Amino acid sequence: MKTEVIAASAQAEAGTSRGAELIRKGELVAFPTETVYGLGANGLNEAAVLRIFEAKGRPADNPLILHVARKNDVRKLWSHVPAIAGTLMDTFWPGPLTLIFTRAACVPDAVTAGLDTVAVRMPSDRTAQMLIRKAETPIAAPSANRSGRPSPTTAAHVLEDMDGRIPLILDGGPCTYGVESTVLSLCGKPTILRPGAVTREMLEAVIGPVALAPSILQPLGRHETAASPGMKYKHYAPQAEVLVVTGEPKAAAARIRTLYRQYDQEGKRCCIAATKQTFGFYRGLDAVTLGDRNDPLTLCQSLFATLRTLDARADVILTEGVAADDAGLAFMNRLLRSAGFHQESV
Ligand code: TXA
Ligand code: MG
């Protein structure tokens, strides 16, 4: 199959019309969102949804998010809309917040992986909204990477993973946030299953206490079941080994310099993903800057793209941990997973 790439910024109307036509025919279309690129299919067509799993190599027990263009569309997808969901949608939609609640009968099993709940979100990206409106159906979409790889934040990343596997990629330029949406379960006590740019602090300011799923910063215990099936799989991982050093920035940098020299002596190519504040500590070594450690959204934004870039030139990627609060929680969740929880504290 030939994969066509259409510049959605310049040709928004034509691109989204072509995309919607493919979605209606049961085909797959990759499209930009404000978080990461999604791999979309008609969310109410079981056969179309199954194609997503095939193209990604995704385990069948990992459910998908349905993307809607209007808040009201959740009414068709959930058993009912709880008051708390209304408040959250009014505050954070459209935007990077996914809400999970009891599903309605029209949602195919392939979307929910057999669970009795379904995840829904309304993206704010203009191309995504146009595509969903024109397709006239909720669009089921996971991140548009091959399963296990870092999520794509540019159309070029999608092409890297999906060339020849899907008919169309809509190129909307780099994604604003660079990490996937916050996933919040509203079944029982509100619980964050995956942190994102809508932070726990932001949610609590609107709805009061919000719990965090235990597996956000640690691997799932052997006998634990994942609240979110996605948490049990290896994720966001480049081929290179990733190691996270947490601690006071200067001490962490000193440890990273030592590790760099050790790996170097073993003949392994190293690269450091530093922050603006610590970059100067790595003079003479192969290092790049992720962003500002006091503004973790900037770290989130470049993390996946940087992992892909460094993967091409390093055997080992050395990174610094930051405080796991606000958007730092989303950053540390992705970073630790990409490292297979390989971390050291100084
Ligand atoms: O920002 C995003 O959310 C992106 C863009 C494309 O919208 N999508 C995305 O989808 O990240 P995906 O499939 O890569 O991640 C969805 C996560 C997985 O961890 C999955 O297990 C979880 O949400 N999930 C989906 N439905 C669920 C459900 N009913 N119950 C629990 N977890 C669910
Ligand atoms: Mg994903």
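I'd like the full set of residues that are open to solvent by 10 Å² or more (accessible area, probe 1.4 Å), assigned to a strand (DSSP E or B) and not aliphatic (A, V, I, L, M), limited to segment 1-37.
GLU4
Could you figure out which of (1) of a type outside the set (Gly, Ala, Ser); (2) open to solvent by less than 20 Å² (accessible area, probe 1.4 Å); (3) away from ligand 1 (no atom under 11 Å from the Cβ) isn't true of ARG121?
Unmet for ARG121, out of (1) of a type outside the set (Gly, Ala, Ser); (2) open to solvent by less than 20 Å² (accessible area, probe 1.4 Å); (3) away from ligand 1 (no atom under 11 Å from the Cβ): (3).
Residues checked against (1) within 16 Å of ligand 2 (Cβ to nearest atom); (2) open to solvent by 30 Å² or more (accessible area, probe 1.4 Å):
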{"residue": "GLU266", "(1), (2)": "no, yes"}
{"residue": "ALA273", "(1), (2)": "no, no"}
{"residue": "LEU290", "(1), (2)": "no, no"}
{"residue": "ASN294", "(1), (2)": "no, yes"}
{"residue": "LEU307", "(1), (2)": "yes, no"}
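What number goes with the only condition from (1) part of a helix (DSSP H, G or I); (2) crowded, with 22+ Cβ neighbours inside 10 Å; (3) away from ligand 2 (no atom under 16 Å from the Cβ) that VAL111 does not pass?
Single failed check for VAL111: (3).
Quick check on my filter: what residues within segment 105-132 are β-branched (Val, Ile, Thr) and in contact with a His (Cβ under 9 Å, 6 or more places away or on another chain)?
Answer for segment 105-132, where residues must be β-branched (Val, Ile, Thr) and in contact with a His (Cβ under 9 Å, 6 or more places away or on another chain): VAL120, ILE132.
Given the structure, is ALA155 touching a Pro at 6+ places or on another chain (Cβ under 9 Å) and under 22 Å from ARG51 (Cα atoms)?
Values: touching a Pro at 6+ places or on another chain (Cβ under 9 Å): yes; under 22 Å from ARG51 (Cα atoms): yes.
In short, yes.
Could you check segment 143-156 and list, in sequence order, the residues that are of a type outside the set (A, V, I, L, M) and either at pLDDT below 95 or surrounded by fewer than 23 Cβ atoms within 10 Å (Cβ to Cβ) (or both)?
ARG146, SER147, GLY148, ARG149, PRO150, THR154
Taking the criterion of being of a type in the set (D, E, K, R) and near ligand 2 (Cβ under 10 Å from one of its atoms), would at least one residue in segment 156-169 satisfy it?
No, segment 156-169 contains no residue that is of a type in the set (D, E, K, R) and near ligand 2 (Cβ under 10 Å from one of its atoms).
Of all residues in segment 49-74, how many are more than 12 Å from PRO138 (Cα to Cα) and free of Cβ contacts under 8 Å to residues at least 24 places away in the same chain?
So the count comes out to 1.
If I filter segment 61-108 down to residues being of a type in the set (Val, Ile, Thr) and within 15 Å of ligand 1 (Cβ to nearest atom), which single residue comes out as most open to solvent (accessible area, probe 1.4 Å)? If you could, list the steps in order and put the result at the bottom.
Applying the first criterion (of a type in the set (Val, Ile, Thr)) to segment 61-108 yields 65, 68, 74, 81, 84, 87, 91, 98, 100, 102, 107.
Filter once more, keeping what is within 15 Å of ligand 1 (Cβ to nearest atom): 65, 68, 74, 98, 100, 102, 107.
Numbers: ILE65: 29, VAL68: 2, VAL74: 1, THR98: 0, ILE100: 24, THR102: 49, VAL107: 2 Å².
Of everything passing the filter in segment 61-108, THR102 is most open to solvent (accessible area, probe 1.4 Å).
Among the numbered criteria (1) at pLDDT below 95; (2) in contact with a Lys or Arg (Cβ under 7 Å, 6 or more places away or on another chain); (3) open to solvent by 60 Å² or more (accessible area, probe 1.4 Å); (4) of a type outside the set (Lys, Arg), which one does GLY340 miss?
For GLY340, the failing item is (3).
If you check ALA135, ALA105, which single one turns out to be free of Cβ contacts under 8 Å to residues at least 12 places away in the same chain, away from ligand 2 (no atom under 16 Å from the Cβ) and of a type in the set (A, V, I, L, M)?
So the residue among ALA135, ALA105 that is free of Cβ contacts under 8 Å to residues at least 12 places away in the same chain, away from ligand 2 (no atom under 16 Å from the Cβ) and of a type in the set (A, V, I, L, M) is ALA105.
The values are calculated or read from the model by the stated rules, or taken from the named source; none is laboratory data. What you are looking at is a predicted structure, and each value in this text was computed from that prediction instead of being measured. Glycine also receives a Cβ, built like all others from the backbone with ideal geometry; neighbour counts cover every protein chain displayed. Accessible surface is based on the protein model in full, side chains and every heavy atom, while ligands, DNA and RNA are left aside. Shrake-Rupley method; radii C 1.70, N 1.55, O 1.52, S 1.80 Å.
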